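The values are calculated or read from the model by the stated rules, or taken from the named source; none is laboratory data. In this text the structure is predicted, and so the values were computed from the model without any measurement. Here the Cβ positions follow ideal geometry from the backbone for every residue, glycine too, while neighbour counts run over all protein chains shown.
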Amino acid sequence: MNAPSDFQRKRPIPSGFMEALQQKFQERFSSAMAVREHHGRDESPFPPMLPDAVVFVQSTEEVAWVAKHCNDHHVPLIPYGVGSSLEGHVLALEGGISVDLSGMNQILAINSEDFTATVQAGVTRLSLNEALRDTGLFFPIDPGADASLGGMVATRASGTNAVRYGTMRENVLTLKVVTADGRIIETANRAKKSSAGYDLTRIFIGSEGTLGIVTEVTVRLYPQPEAISAAICNFPDLQAAVRSVIEIIQVGVPIARVEFMDAAAVRATNAYSNLQLKESPLLLFEFHGSTSGVQEQAELVQDITRDNGGMDFEWAERPEDRSRLWTARHNAYFAGLQLRPGCRASTTDVCVPISRLAECVEETAKDMDQASFPYTIVGHVGDGNFHVLMLLDAESQQEWAESERLNRRLVQRAIDMDGTCSGEHGIGLHKMEFMLAEHGADAIALMHSLKQAFDPNNILNPGKMLPQLA
Ligand SMILES: Cc1cc2nc3c(=O)[nH]c(=O)nc-3n(C[C@H](O)[C@H](O)[C@H](O)COP(=O)(O)OP(=O)(O)OC[C@H]3O[C@@H](n4cnc5c(N)ncnc54)[C@H](O)[C@@H]3O)c2cc1C
């Protein structure tokens with residue numbers, strides 16, 4: 001596969017266009033190389049593809065102004081949160097303007113009685129939880145990066161808590177969105193449920209900046225659980241760990257988090273986070289509920305893991321120990337990178353029905369064992385979701401080609417098991433080729449019709465997500 005920068009196809013910028021933007025945004029407009037470089041890369045393995053300029057917006061009205069200006073002149077416009085996406089989402093394939101929403105970082109309302117919060121799209125998940133700290137409530141969706149809520153909506157993000165609390169799909173009530181031609185719409189309201197018309201909220205969730213620009217997000221909140229406890233358990237092999245998870249889910253334990261790390265991921269985490277975890281396949285658990293409920297869940301889980309050969313079930317009762325463990329898990333990606341300093345990482349993410357998880361992980365590990373480069377497997381396995389982090393020599397075309405071949409096999413395996421090519425990272429550029437295999441030509445054609453209706457001039461993050469049909 002060519003690196004995408006080999007086929008960046010920039011659209012021409014009409015004369016006077018940049019000057020108008022500069023006049024409107026003054027010092028919040030930049031065409032400096034360093035700023036464009038920062039906004040033309042993400043955490044994907046691709047080399048950067050730069051936008052022509054970046055604007056730093058502060059209000060919905062400013063976003064609407066930019067959208068209208070770009071639409072009138074057919075100039076691409078790419079929404080930008082914090083750039084933590086992993087599949088080439090923010091690369092400026094056709095050049096254009098990157099709209100940085102990180103300055104839209106106001107918490108607009110916390111409705112404790114209704115368990116909702118409304119925030120501007122640039123608010124990050126950690127800053128929202130910081131603002132909720134004294135309310136007794138929390139927002140559970142926790143991708144490993146401190147992503148913006150707008151970006152999380154756009155990628156339909158999830159994380160370690162999704163097994164209990166769901167993903168962005170289940171936790172967004174309404175959105176304020178700027179359309180491609182600069183209109184401002186509200187997709188729904190704060191009612192817990194509604195049967196009023198098409199569900200625009202869920203059309204925008206997961207649309208990766210290709211249908212509209214989210215400027216405000218209203219999310220569900222949850223009460224802080226009365227009791228929380230966490231535990232780790234080691235296993236002799238990967239199969240025993242995954243089998244335990246399947247049984248835990250199938251007997252209906254309302255577990256809050258269950259995360260898998262293979263031995264290589266544990267080794268990397270020990271080194272990076274200064275821990276002394278036993279370096280074999282491991283499950284990390286968290287239980288939420290009443291004091292007795294948590295104890296009951298934990299006992300049941302302990303029995304199941306023991307029956308599957310689990311060893312050394314260890315508790316982390318103190319909040320600081322729990323927080324250390326989960327921070328280490330969230331840093332597993334950065335820890336993995338240190339297994340091969342200076343490497344280029346390619347991370348992939350599939351999700352299968354829980355009944356097929358063991359088979360899928362096992363076949364993937366066998367396949368990956370043939371690779372000529374190091375790798376780790378980690379996963380939000382309670383959802384049937386796991387990731388492979390492949391650590392490639394940055395200069396080696398041969399390793400890149402090999403990783404793409406392994407990735408294709410993994411994705412096809414997941415799709416053949418009635419799963420998906422992406423559980424949470426999204427499509428961007430890297431997963432576009434799998435959309436047809438997953439959805440079929442008729443569904444892709446319908447998605448193209450939707451794109452045409454929402455963005456007739458194809459200015460919003462063009463060239464992403466939808467493969468061309470023959
Ligand atoms: C170490 C690490 C761990 C991660 N772990 C997880 C994980 O566990 N679960 C998970 O789901 N993801 C994970 N991710 C991926 C990433 O954090 C998510 O994709 C995140 O949701 C992207 O948010 P962002 O603010 O960085 O968006 P960006 O990367 O800036 O943008 C992502 C996409 O959303 C669009 N976009 C951004 N803001 C808006 C907006 N306001 N309106 C419309 N479109 C917009 C962009 O155009 C782009 O297509 C991880 C990433 C890293 C680096």
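Within region 80-111, restricting attention to residues that are assigned to a strand (DSSP E or B) and buried (at least 20 other Cβ atoms within 10 Å of the Cβ), which residue is farthest from the chain's Cα centre (by Cα)?
Within region 80-111, the subset assigned to a strand (DSSP E or B) is 80, 97-100, 107-111.
Narrowing the set further to residues that are buried (at least 20 other Cβ atoms within 10 Å of the Cβ) leaves 80, 97-100.
On the way: TYR80: 14, ILE97: 23, SER98: 20, VAL99: 19, ASP100: 18 Å.
Selected residue: ILE97.
Can you tell me which residue among ALA227, ALA191, ALA231 is free of Cβ contacts under 8 Å to residues at least 40 places away in the same chain and either of a type in the set (A, V, I, L, M, F, W, C) or surrounded by 16 or more Cβ atoms within 10 Å (Cβ to Cβ) (or both)?
On the way: ALA227 fails: free of Cβ contacts under 8 Å to residues at least 40 places away in the same chain; ALA231 fails: free of Cβ contacts under 8 Å to residues at least 40 places away in the same chain.
Sole residue among the options that is free of Cβ contacts under 8 Å to residues at least 40 places away in the same chain and either of a type in the set (A, V, I, L, M, F, W, C) or surrounded by 16 or more Cβ atoms within 10 Å (Cβ to Cβ) (or both): ALA191.
Considering only region 19-42, state which residues are assigned to a loop (DSSP other than H, G, I, E, B) and either among the β-branched types (Val, Ile, Thr) or buried (at least 19 other Cβ atoms within 10 Å of the Cβ) (or both).
So the first thing to find is which residues in region 19-42 are assigned to a loop (DSSP other than H, G, I, E, B), and the list is 31-32, 40-42.
Within region 19-42, GLY40, ASP42 meet the criteria.
Please give the number of the condition PRO79 fails out of (1) closer than 27 Å to GLU424 by Cβ; (2) in contact with an Asp or Glu (Cβ under 8 Å, 6 or more places away or on another chain); (3) of a type outside the set (D, E, K, R).
Looking at each condition in turn, PRO79 falls short on (2).
Which one of GLY144, GLY122 is within 13 Å of the ligand (Cβ to nearest atom), closer than 11 Å to VAL82 by Cβ, crowded, with 17+ Cβ neighbours inside 10 Å and within 17 Å of the chain's Cα centre (by Cα)? Outline the logic, then answer.
Working: GLY144 fails: closer than 11 Å to VAL82 by Cβ.
Of the residues listed, the single one that is within 13 Å of the ligand (Cβ to nearest atom), closer than 11 Å to VAL82 by Cβ, crowded, with 17+ Cβ neighbours inside 10 Å and within 17 Å of the chain's Cα centre (by Cα) is GLY122.
Listed residues ALA34, ALA67, ALA53; which is within 26 Å of the chain's Cα centre (by Cα) and free of Cβ contacts under 8 Å to residues at least 40 places away in the same chain? Steps first, please.
Values: ALA67 fails: free of Cβ contacts under 8 Å to residues at least 40 places away in the same chain; ALA53 fails: free of Cβ contacts under 8 Å to residues at least 40 places away in the same chain.
Result of the check over ALA34, ALA67, ALA53: ALA34.
Only one of these is within 30 Å of ALA227 (Cα to Cα) and in contact with a strand residue (DSSP E or B) (Cβ under 9 Å, 6 or more places away or on another chain): TYR333, TYR375. Name it. Full working, then the answer.
Working: TYR375 fails: within 30 Å of ALA227 (Cα to Cα).
Only one candidate qualifies: TYR333.
Give me the pairs: first residue in region 423-445 and free of Cβ contacts under 8 Å to residues at least 12 places away in the same chain, second residue within 16 Å of the ligand (Cβ to nearest atom), beta-carbon distance under 8 Å, and six or more apart or on different chains, which are they?
HIS439/MET447
All but one of (1) touching an Asp or Glu at 6+ places or on another chain (Cβ under 9 Å); (2) of a type in the set (A, V, I, L, M, F, W, C); (3) surrounded by fewer than 17 Cβ atoms within 10 Å (Cβ to Cβ) hold for ALA401; state the number of the condition that does not hold.
It fails just one condition, (1).
In region 366-395, how many residues are farther than 22 Å from PHE334 by Cβ and either more than 16 Å from the ligand (Cβ to nearest atom) or among the small types (Gly, Ala, Ser) (or both)?
Pass one, region 366-395, residues farther than 22 Å from PHE334 by Cβ: 366-367, 369-370, 372, 382-384.
Still in the running and either more than 16 Å from the ligand (Cβ to nearest atom) or among the small types (Gly, Ala, Ser) (or both): 366-367, 369-370, 372, 382, 384.
Counting residues in region 366-395 that are farther than 22 Å from PHE334 by Cβ and either more than 16 Å from the ligand (Cβ to nearest atom) or among the small types (Gly, Ala, Ser) (or both) gives 7.
For region 394-415, does any single residue satisfy the condition of being at pLDDT 95 or above, outside the structural domain of PRO47 (by TED's automatic domain parsing) and among the aromatic types (Phe, Trp, Tyr)?
No; the residues of region 394-415 include none that is at pLDDT 95 or above, outside the structural domain of PRO47 (by TED's automatic domain parsing) and among the aromatic types (Phe, Trp, Tyr).
State whether the residues of region 445-460 include one that is surrounded by 24 or more Cβ atoms within 10 Å (Cβ to Cβ), under 17 Å from the mean Cα position of the chain (by Cα), at pLDDT 95 or above and not small (Gly, Ala, Ser).
No, region 445-460 has no match at all.
I want to confirm something. Restricting to region 234-263 and keeping residues that are surrounded by 18 or more Cβ atoms within 10 Å (Cβ to Cβ) and in a loop (DSSP other than H, G, I, E, B), which single residue is farthest from the chain's Cα centre (by Cα)?
Only one residue tops the list, namely PHE235.
Just one of SER323, SER355, SER292 is loosely packed, with under 15 Cβ neighbours inside 10 Å, assigned to a helix (DSSP H, G or I) and not assigned by TED's automatic domain parsing to the domain that holds ASN270; which is it? Give the derivation first.
Numbers: SER323 fails: not assigned by TED's automatic domain parsing to the domain that holds ASN270; SER292 fails: not assigned by TED's automatic domain parsing to the domain that holds ASN270.
Going through SER323, SER355, SER292 in turn, the sole match is SER355.
Which condition from (1) of a type in the set (Phe, Trp, Tyr); (2) assigned to a helix (DSSP H, G or I); (3) touching a residue at least 40 places away in the same chain (Cβ under 8 Å) is the one that PHE386 breaks?
Among (1) of a type in the set (Phe, Trp, Tyr); (2) assigned to a helix (DSSP H, G or I); (3) touching a residue at least 40 places away in the same chain (Cβ under 8 Å), PHE386 violates only (2).
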